[in-house]
Amino acid sequence: VREIHKALGLGLFGVDVVVDSSSGRLAIIDVNSFPGYDGIENFPGKLAAFVRSELDELDKEITFNIAKDSASVKADLISSR
């Protein structure tokens, strides 16, 4: 599942799995980008918390990049004097 997350870049997804009756090995046969979440307690709250967390991380990344770009511009201005 972690490899699927890395490969597809999906934060939320579901997988359908089959089990080989003789070996017990698992095989993923389907990946759903937005599957049903019936039976998951407080799914709307958990989804909202996940979205908030993703937005907070994006905000940190944007803030970092703006600060980095600003520092680069300042360095360029100082070196051009």
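The values are calculated or read from the model by the stated rules, or taken from the named source; none is laboratory data. Bear in mind that the values here come from a model prediction, so they are computed numbers and not experimental data. All Cβ positions, glycine included, derive from the backbone under ideal geometry; neighbour counts span all protein chains shown.
When the residues of the range 1-20 are filtered to those that are within 21 Å of the chain's Cα centre (by Cα) and in a loop (DSSP other than H, G, I, E, B), the one that is farthest from residue 54 (Cα to Cα) is 1. Check the range 32-44 and report whether any residue there is surrounded by 10 or more Cβ atoms within 10 Å (Cβ to Cβ), at pLDDT 90 or above and either assigned by TED's automatic domain parsing to the domain that holds residue 1 or over 20 Å from residue 2 (Cβ atoms) (or both). No: the range 32-44 contains no residue that is surrounded by 10 or more Cβ atoms within 10 Å (Cβ to Cβ), at pLDDT 90 or above and either assigned by TED's automatic domain parsing to the domain that holds residue 1 or over 20 Å from residue 2 (Cβ atoms) (or both). Taking residues in the range 1-16 that are in the same structural domain as residue 32 (by TED's automatic domain parsing), and partners anywhere that are among the acidic types (Asp, Glu), the pairs with Cβ atoms closer than 9 Å and at least 6 places apart or on different chains are 11/54; 14/30; 15/30; 16/30. Restricted to the range 21-43, and to residues there that are without any contact (Cβ under 8 Å) to a residue 12 or more places away in the chain and not in a loop (DSSP other than H, G, I, E, B), the residue that is farthest from residue 8 (Cα to Cα) is 43.
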